[in-house]
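Here the structure comes first, spelled out in structure tokens, and everything after it is commentary.
The values are calculated or read from the model by the stated rules, or taken from the named source; none is laboratory data. Being a predicted model, the structure only gives us computed values, none of them experimental. Cβ placement follows ideal geometry from the backbone for every residue including glycine, while neighbour counts extend to all protein chains displayed.
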Amino acid sequence: MVDMNLCSQLARAIGAGESPLIPRIFEALVNDDEARVMLLASPPATVEELAQKSGLSADAITAMMDSLFQRGLIFKAAKGGEKKFYRVKTIPQMHDSTSLTPGISRHVLDLWKEYMEKEWPDYGQMIMEMLPGSIMRVVPVNESIEPQSRILAYDDVIKIIEDAKILSVTNCSCRVISGNCTKPLEVCMQVDRAAEYNIDRGTGRVLSKNEAIEILKKCREEGLVHVVDNRQTVGHVICNCCNDCCLNWAIMKGPKKWVAPSRFEATVDADLCSGCETCVERCFFDALSMKDDLAAVDPEKCLGCGACTVVCPVDALKLKEVRPADFVPV
């Protein structure tokens, strides 16, 4: 039996406060010695430092770090040629890393599912109140953007892929946890350091740039929304999000939203629109409705993903640039 006091300390250490469910996830994943060492692994520490602090042998710590790394609870840092280890830092990070562990039990996944349904919306909104802006950002389907609009490097998911040094693809952690989503599973792509991490753990496979572009095409056909880190640099991940189990959309009701819109917004050419309502059915965000037998866009709800444009049979929908270049943080 794992000491629940240690599990509660770990939960607080990653910002979960008095969550009743996060300690239970730790309980299912670690033993007492592992929990104690994880509590010592911040700031990042070497094997020798952790051995000295814990009273365990260096060999025992080395084996433990390898095991906890494989379980998504410990991460590696190598600066100045010195290898250090640090514990998982945040709930979203732990959600993604532990759920993709090969052989993870359905019990742990069900605990995560319960957490995402019961605690995450309020907890995530609380986090947003303390942050200057959105964590993630929608990037549009390139082909849907008006020719006169500027497409900057950080607006362009193809450019992100082309500029990556290495790419990987994993199963979508949200769909793994859900267990019953019908959308494609192996579509979550990682860039550079995040790709190296997943390849090292065996949770992801190396992805060629051509394969990555094919995955994007498949995601567009399925109506999935491309989501990346909300900054102008490359970031870590290209999510392809559905609307039923993705953690990103649970925190979109308050004044501060987890996912920022793209710099674009859907616009309808009334002369071309046939009133077929296909776009209305495709939109995740209820941003499209029918007015006078024509599609109409609600600017307050549109995130500028372009999913609607892909299915328009008469090419009546395009994305127009509505936000400046500096809308995306550096």
Checklist outcome for this item: Restricting attention to region 282-295, the residues that are in contact (Cβ under 8 Å) with a residue 24 or more places away in the chain and either of a type in the set (Lys, Arg) or exposed (fewer than 15 other Cβ atoms within 10 Å of the Cβ) (or both) number exactly 1
Checklist entry - If we only count strands (runs of 3 or more DSSP E) wholly inside region 265-329, which ones have 3 or more residues that are among the aliphatic types (A, V, I, L, M) and modelled with pLDDT under 95? => result none
Checklist entry - Among the candidates Leu29, Leu68, which residue alone is in contact with a strand residue (DSSP E or B) (Cβ under 7 Å, 6 or more places away or on another chain), closer than 25 Å to Glu196 by Cβ, crowded, with 20+ Cβ neighbours inside 10 Å and not β-branched (Val, Ile, Thr)? => result Leu68
Next on the checklist: Looking at the structure I just gave you, is Asp244 among the acidic types (Asp, Glu), within 12 Å of the chain's Cα centre (by Cα) and under 22 Å from Gly306 (Cα atoms)?
Outcome noted: no
Next on the checklist: Can you tell me which of (1) in a loop (DSSP other than H, G, I, E, B); (2) over 22 Å from the mean Cα position of the chain (by Cα) is the one Lys89 doesn't meet?
Outcome noted: (2)
Checklist entry - Are any of the residues in region 209-227 under 24 Å from Ala325 (Cβ atoms), aliphatic (A, V, I, L, M), surrounded by 22 or more Cβ atoms within 10 Å (Cβ to Cβ) and touching a residue at least 60 places away in the same chain (Cβ under 8 Å)? => result yes
Checklist outcome for this item: Residue set Cys246, Cys174; condition crowded, with 20+ Cβ neighbours inside 10 Å, modelled with pLDDT of 95 or more and within 19 Å of Ser134 (Cβ to Cβ); output residue Cys174
Checklist entry - So which residues in region 233-242 are crowded, with 17+ Cβ neighbours inside 10 Å, on the phi < 0 side of the Ramachandran plot and at pLDDT below 90, if there are any at all? => result Val234
Checklist outcome for this item: Counting only helices (runs of 4 or more DSSP H) entirely within region 131-215, those with at least 1 residues that are among the hydroxyl-bearing types (Ser, Thr, Tyr) and in contact with a Ser or Thr (Cβ under 7 Å, 6 or more places away or on another chain) are 173-178
Checklist entry - Would it be correct to say that Ala51 is farther than 22 Å from Pro92 by Cα, surrounded by 17 or more Cβ atoms within 10 Å (Cβ to Cβ), at pLDDT 95 or above and out of contact with any Phe, Trp or Tyr (no Cβ under 9 Å at 6 or more places or on another chain)? => result yes
Checklist entry - Only one of these conditions is not met by Cys181: (1) of a type in the set (A, V, I, L, M, F, W, C); (2) closer than 21 Å to Glu221 by Cβ; (3) under 14 Å from the mean Cα position of the chain (by Cα). Which number is it? => result (3)
